[in-house]
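Readers should treat all values here as calculations from the given coordinates under stated rules, not as data from a laboratory. What you are looking at is a predicted structure, and each value in this text was computed from that prediction instead of being measured.
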Amino acid sequence: MTASALLVPLAPAALGVLTARIVVAGGRAADRAAFVAAVGGAGVRQGQGVVLDLCAARHAVPSAPDLAGALGAVVLADPRWPGPARTVLDACEDAGVAVAVAVADGFPHDALRAALDLDEAVPLVPCVPADPGSARAVLRALLRAGVVATV
């Protein structure tokens, strides 16, 4: 299997529109797919001329080639087992991809931030992957962190 086959783009890039690729990684495959579906699938329009092309990673930890060209990543973190999310964060850091961490609400975020060794600048956002408002809040946090501003 080629590296590009590990990511499943859920919609083609729109013609004549700047497309910002965002990878959804970490967590369970069902949660990654639910997150993308919750925000309306892939081509999520962000203002005039910008579309977020969401890609749900087939595997929890995407490889460097999978992250190449991505402007950001949403990392789904299970607060009970922070190790896998840390592995995804390391892969994103190595690839130079900005991240926002989505975590189950009700968990002490300070404890997870410490367990993941997250810088204060990295958004840590409560999220239910299947909830549209919750998933959009994570994307807004990622965008506010400067992802699209770098285009």
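Structure above, values below:
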{"quantity": "Distant-in-sequence amide H partners of C127 (H built 1.01 Å from N, under 5 Å)", "calculated": "V103, A104, D105"}
{"quantity": "Potential extension, W81-S63 segment - 0.36 nm per residue separation minus Cα distance", "calculated": "4.4 nm"}
{"quantity": "Extension gain (nm, one decimal) between F107 and A121, 0.36 nm per residue minus Cα-Cα", "calculated": "3.1 nm"}
{"quantity": "Amide hydrogen neighbours beyond the local backbone of A20, cut-off 5 Å, H modeled", "calculated": "V51, L52, D53"}
